[in-house]
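Everything on this sheet refers to the single structure shown next.
The values are calculated or read from the model by the stated rules, or taken from the named source; none is laboratory data. On a predicted model such as this, the values are computed, not experimentally measured, just so you know. In this analysis, Cβ positions are derived from the backbone assuming ideal geometry, glycine residues included, and neighbour counts consider all displayed protein chains.
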C-alpha cells in the first residue's frame, strides 16, 4: 500500500460497483517466478551429458542432483512454512527468489560435484518454501470460482519452463558450457526479484500454520492427505523416466545431441497445450480431466517404449506423454485448493509441495537405481506402472466421494 499526505475520501463513500477486475498482471508476475523456479530445478535433466563429463561423475550421479534438490524440499518445506508464517508473503517471495538466484550462481561457480550438491541443497530450501506459498498466493488473489483459472495461469510458468526454459538452457549449455546456463538462470531470477517488487500485489497471509491446523482438526485434512499420497505416486512414476530423458533419447532412440533441445521443446509445447486444456475444457471437469490425463500419460510412455525401432512413432508417444501430463499437475493443484478449507490453504500447499517433491526426488532416485541396474529400457516400464497405480487411487477416491455425496443428499 501507499500513503498520501493529501486527504482523500473514505472508501465507504465510493463503494465498488461490481466484482474486482481479474488480477492478470499479478498472476503473470507470479507465473514468471514459477517459470524461473522450475527452470532452476529441472535444468540438469537437459545437461546430463555435459555435467557428467565436466564434473567427472556418471549420468546417474548428475540425475541425483534432482533428487537432492527435491528431497531438500521434502524435508524443509513444512518447517520453513511454520517458521516464516508471520513474515508478509510479498516480502518472503522477494527473499526466496534472491536465494534461488544465489544458489544458481554458486552452482555455476562450483568447481566440484560435492560443491554443486551443496548449492542444490541451498536452492532446494528456497524452492520448497516457494512452492508452499505460490498456489495459496494465487488463490488469495481471486474469488473461489476463479481459483482454477488463477492456478492454471500461475502454473503456466512451469509448463513454459519445460517448453522454453529447459530447452534454451540445454542449447546454451551445449554451446558455451553448462555453467553459463546456470548463470543465466541466476541473472533471470535477480530480474524476477525486481518484477515481483513492481507487479505482484501483496496478500494477507492465512492464520493457520502446519502445527495449529492439525491441532484444530480441520475436517479437510484427511482428504488433503489422500490427495497428497496420490500426487507422490504419480510424480515418482513420471520423474523416474523424465529425469533421464536426455540419455534415453540419445542412446535408445538415436536422436542426435544437437536435436535434443528440439525434442524437449516439443514435449514442453505439448504440455503447454495440456495446461490450456486444464484451464478451459477441464476447468469445471477436473475429475474427468485428471483421469484422462493419467490414462493418456501411460499410453504415451508405452508408445515411446515399444516403438523405438520407428523413431517418429516413438517421438509421437513422447509428445502424447507431454500433452497428457500437462493436464495432471494443474488439475491436482485445483482439486487441492477446492478440497482444503480456506484457513489451511498455505498448510495444504506445504504438504502438497512435500508430496510433489517426494515424487520428483523419489522418481529421480528410482530412475538412477534402475538405470544402473537394468538400463534405460526399465525406466518407461516403471513410469507406466506407477502412473496406473495413481490412476487406480484416483478412480477409487472419486467413487468413494460420489457415494458419500449421494448418502449426504439422501440424508437431507
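Quick one: in the range 45-68, of everything that is surrounded by 24 or more Cβ atoms within 10 Å (Cβ to Cβ) and within 16 Å of residue 111 (Cα to Cα), which residue is nearest to the chain's Cα centre (by Cα)?
This residue is 65.
Conditions tested, residue by residue: (1) under 30 Å from residue 121 (Cα atoms); (2) at pLDDT below 90; (3) touching a helix residue (DSSP H, G or I) at 6+ places or on another chain (Cβ under 7 Å).
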{"site": "340", "(1), (2), (3)": "yes, yes, yes"}
{"site": "345", "(1), (2), (3)": "yes, yes, yes"}
{"site": "388", "(1), (2), (3)": "no, no, yes"}
{"site": "391", "(1), (2), (3)": "no, no, yes"}
{"site": "409", "(1), (2), (3)": "no, yes, no"}
{"site": "412", "(1), (2), (3)": "no, yes, no"}
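Among the residues of the range 52-88, which ones are farther than 21 Å from residue 356 by Cβ and not in a helix (DSSP H, G or I)? It would help to see each step written out before you state the result.
Here is the first cut: in the range 52-88, the residues farther than 21 Å from residue 356 by Cβ are 52-62, 86-88.
Matches in the range 52-88: 56, 57, 58, 86, 87, 88.
So for the range 177-191 (the condition being without any contact (Cβ under 8 Å) to a residue 12 or more places away in the chain and either more than 20 Å from residue 126 (Cβ to Cβ) or under 18 Å from the mean Cα position of the chain (by Cα) (or both)), does at least one residue qualify?
Quick first cut of the range 177-191, residues without any contact (Cβ under 8 Å) to a residue 12 or more places away in the chain only: 191.
Cutting the leftovers down to either more than 20 Å from residue 126 (Cβ to Cβ) or under 18 Å from the mean Cα position of the chain (by Cα) (or both) gives us none.
Within the range 177-191, none of the residues are without any contact (Cβ under 8 Å) to a residue 12 or more places away in the chain and either more than 20 Å from residue 126 (Cβ to Cβ) or under 18 Å from the mean Cα position of the chain (by Cα) (or both).
Would you check if residue 308 is outside any helix (DSSP H, G or I), over 17 Å from residue 133 (Cα atoms), at pLDDT 80 or above and in contact with a helix residue (DSSP H, G or I) (Cβ under 7 Å, 6 or more places away or on another chain)?
Yes: the conditions hold for residue 308.
Being surrounded by fewer than 19 Cβ atoms within 10 Å (Cβ to Cβ) and part of a helix (DSSP H, G or I) narrows it down to one of 119, 91, 154, 107, so name that one.
91
Going by what's in this entry, would residue 132 be described as free of Cβ contacts under 8 Å to residues at least 40 places away in the same chain and closer than 23 Å to residue 202 by Cβ?
Judged against the criteria, residue 132 is not a match.
With the condition kept exactly as written, say whether any residue in the range 278-294 is within 23 Å of residue 374 (Cα to Cα) and either in a helix (DSSP H, G or I) or touching a helix residue (DSSP H, G or I) at 6+ places or on another chain (Cβ under 6 Å) (or both).
Scanning the range 278-294, I find no residue that is within 23 Å of residue 374 (Cα to Cα) and either in a helix (DSSP H, G or I) or touching a helix residue (DSSP H, G or I) at 6+ places or on another chain (Cβ under 6 Å) (or both), so the answer is no.
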